[in-house]
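Enquirer: Handing you this structure, nothing more for now.
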Amino acid sequence: MKFIDESLMDGLSATAFQATKPYPWLNPKGFLQADGYRRLVDKPPAPELFDARFGEKRRYGQQSHDRLALEYAPELPLDPAWHEFVAELKSERYLTFLRRMFGRRAIRLLFHWHYTPNGCSVSPHCDAKRKLGSHIFYMNTDEEWRPDWGGETLILDDNGRFGAGSAPKFEDFDRAMPSTAVGNYSLLFMRRERSWHGVKEIHCPPDALRKVFIVVIEDWSLPARLMRKFKGAKRDRY
């Protein structure tokens, strides 16, 4: 079966995406077909597979991004639906979509999950320069997650006031635009020098987890690869 709704994907406008302020982003409903989405949310990776990442220092003094994290690998003991979904994300059809939206040819994709428990947050930040952007798939249904618990990614607008190497708080921004993060929604955004985003502290029951699956779109042009090689760049923990 197909997971991506290709008619919806093909209908998304790159021109409108690129013109969105404060940086390119969109939050479509139904990027995944309903049956495919249900297969994925019904068989999530077990929390036991994840690494606990709490209290890790961030480069610019920002508050730590506390969560459980798991990087995709073909050998992971996952429901077959997840391996099928990743194969579809690696397909030429999805890659063509990303190239059209980002206006770049040479890209590489990486995949990972984040599970976030009660009391944790993702402080405002701009992603690493090697990233062209991210496509976040929200994996909580309205049967298991209440919107008032939080968990939505906030698109933050500083009107150009903060450098990427700083640590502003949520209240320091002029605008905060929340994504819809419950049900079959996803968030695609493009990295800019001030593409600030974050997730405020979650307030959910102790047995609940905010679940996202993230496609990281990396610059894979020759200059970018040479820069990694000569600088000895290591892949960040997401």
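The values are calculated or read from the model by the stated rules, or taken from the named source; none is laboratory data. Predicted model only: the values in this text are computed from it and were never measured. Glycine gets a Cβ as well: all are built from the backbone with ideal geometry, and neighbour counts include every protein chain shown. These area figures cover heavy atoms from the full protein model, side chains too; ligands, DNA and RNA do not enter into them. Shrake-Rupley method; radii C 1.70, N 1.55, O 1.52, S 1.80 Å.
Enquirer: If you take the residues in the range 196-211 that are surrounded by fewer than 18 Cβ atoms within 10 Å (Cβ to Cβ) and charged (D, E, K, R), which one is nearest to ARG99 (Cα to Cα)?
Expert: Looking at residues that are surrounded by fewer than 18 Cβ atoms within 10 Å (Cβ to Cβ) and charged (D, E, K, R), I get LYS200.
Enquirer: Further question on the same structure: Can you pull out the residues in the range 84-110 that are on the phi < 0 side of the Ramachandran plot and in a loop (DSSP other than H, G, I, E, B)? Walk me through how you get there before you give the answer.
Expert: Pass one, the range 84-110, residues on the phi < 0 side of the Ramachandran plot: 84-102, 104-110.
Within the range 84-110, LYS90, SER91, ARG104, ARG105, ALA106 qualify.
Enquirer: Between GLU193, GLU143, GLU152, GLU171, which is outside any loop (DSSP other than H, G, I, E, B), open to solvent by 20 Å² or more (accessible area, probe 1.4 Å), on the phi < 0 side of the Ramachandran plot and of a type outside the set (A, V, I, L, M, F, W, C)? Please lay out each step first, then the result.
Expert: On the way: GLU193 fails: outside any loop (DSSP other than H, G, I, E, B); GLU143 fails: outside any loop (DSSP other than H, G, I, E, B); GLU152 fails: outside any loop (DSSP other than H, G, I, E, B).
When all the criteria are applied, what remains is GLU171.
Enquirer: Tell me which of these LYS131 doesn't satisfy, since it passes every other one: (1) open to solvent by 10 Å² or more (accessible area, probe 1.4 Å); (2) at pLDDT 95 or above.
Expert: Only one criterion is unmet by LYS131, namely (2).
Enquirer: Test of understanding: among PRO45, PRO22, PRO74, which residue is open to solvent by less than 20 Å² (accessible area, probe 1.4 Å) and in a loop (DSSP other than H, G, I, E, B)?
Expert: Numbers: PRO22 fails: open to solvent by less than 20 Å² (accessible area, probe 1.4 Å); PRO74 fails: open to solvent by less than 20 Å² (accessible area, probe 1.4 Å).
Step by step, each of PRO45, PRO22, PRO74 is checked, and only PRO45 is open to solvent by less than 20 Å² (accessible area, probe 1.4 Å) and in a loop (DSSP other than H, G, I, E, B).
Enquirer: Residues in the range 86-96: is at least one open to solvent by less than 80 Å² (accessible area, probe 1.4 Å) and either touching a helix residue (DSSP H, G or I) at 6+ places or on another chain (Cβ under 6 Å) or within 27 Å of GLU201 (Cβ to Cβ) (or both)?
Expert: Taking the range 86-96 and keeping what is open to solvent by less than 80 Å² (accessible area, probe 1.4 Å), we get 86-89, 91, 94-96.
Filter once more, keeping what is either touching a helix residue (DSSP H, G or I) at 6+ places or on another chain (Cβ under 6 Å) or within 27 Å of GLU201 (Cβ to Cβ) (or both): none.
Scanning the range 86-96, I find no residue that is open to solvent by less than 80 Å² (accessible area, probe 1.4 Å) and either touching a helix residue (DSSP H, G or I) at 6+ places or on another chain (Cβ under 6 Å) or within 27 Å of GLU201 (Cβ to Cβ) (or both), so the answer is no.
Enquirer: Residue under question is LEU110, and the condition is that it be within 20 Å of ALA46 (Cα to Cα) and either under 14 Å from the mean Cα position of the chain (by Cα) or crowded, with 22+ Cβ neighbours inside 10 Å (or both); does it hold?
Expert: yes
Enquirer: Another question, then. Given the structure, is SER7 free of Cβ contacts under 8 Å to residues at least 24 places away in the same chain, open to solvent by 70 Å² or more (accessible area, probe 1.4 Å) and farther than 21 Å from LEU209 by Cα? Working first, answer last.
Expert: Details: free of Cβ contacts under 8 Å to residues at least 24 places away in the same chain: yes; open to solvent by 70 Å² or more (accessible area, probe 1.4 Å): yes; farther than 21 Å from LEU209 by Cα: yes.
Criteria met by SER7.
Enquirer: Looking at (1) under 25 Å from THR20 (Cβ atoms); (2) open to solvent by less than 50 Å² (accessible area, probe 1.4 Å); (3) part of a loop (DSSP other than H, G, I, E, B); (4) not polar (S, T, N, Q), which is the only condition LEU188 fails?
Expert: (3)
Enquirer: May I ask you to verify whether VAL216 is closer than 25 Å to GLU71 by Cβ and either outside any loop (DSSP other than H, G, I, E, B) or over 15 Å from the mean Cα position of the chain (by Cα) (or both)?
Expert: Working: closer than 25 Å to GLU71 by Cβ: yes; either outside any loop (DSSP other than H, G, I, E, B) or over 15 Å from the mean Cα position of the chain (by Cα) (or both): yes.
When the stated conditions are applied, VAL216 passes them.
Enquirer: Just the residues that are modelled with pLDDT of 95 or more, over 19 Å from the mean Cα position of the chain (by Cα) and open to solvent by less than 70 Å² (accessible area, probe 1.4 Å), please, taken from the range 48-71.
Expert: LEU49
Enquirer: Ok, one more. Determine which member of the set LEU78, LEU89, LEU98, LEU68 is over 26 Å from ALA208 (Cα atoms), aliphatic (A, V, I, L, M) and in contact with a Lys or Arg (Cβ under 9 Å, 6 or more places away or on another chain). Break it down into steps so the answer makes sense when it comes.
Expert: Details: LEU78 fails: over 26 Å from ALA208 (Cα atoms); LEU89 fails: in contact with a Lys or Arg (Cβ under 9 Å, 6 or more places away or on another chain); LEU68 fails: over 26 Å from ALA208 (Cα atoms).
One residue alone meets the criteria, LEU98.
Enquirer: Here's something else I'd like to know. Would you please list the contacts, defined by Cβ atoms under 7 Å and residues six or more apart or on different chains, that run from a residue in the range 120-142 that is more than 15 Å from VAL215 (Cβ to Cβ) to a residue that is crowded, with 20+ Cβ neighbours inside 10 Å and at pLDDT below 90?
Expert: Note: pairs meeting the criteria are VAL122/HIS65; SER123/HIS65.
Enquirer: Turning to a different aspect of this structure: Within the range 25-42, which residues are in a helix (DSSP H, G or I) and surrounded by fewer than 18 Cβ atoms within 10 Å (Cβ to Cβ)?
Expert: ALA34, ASP35, ARG38, ASP42 - these are the residues of the range 25-42 that are in a helix (DSSP H, G or I) and surrounded by fewer than 18 Cβ atoms within 10 Å (Cβ to Cβ).
Enquirer: I'm checking my understanding of the structure. Among residues of the range 212-238 that are within 21 Å of VAL122 (Cβ to Cβ) and either of a type in the set (S, T, N, Q) or open to solvent by less than 40 Å² (accessible area, probe 1.4 Å) (or both), which one is modelled with the lowest pLDDT?
Expert: Per the criteria, the residue is TYR238.
Enquirer: Name every residue in the range 82-107 that is within 19 Å of PRO44 (Cβ to Cβ) and among the acidic types (Asp, Glu), in order of residue number.
Expert: Step one: filter the range 82-107 for residues within 19 Å of PRO44 (Cβ to Cβ), giving 82-89.
Within the range 82-107, GLU84, GLU88 meet the criteria.
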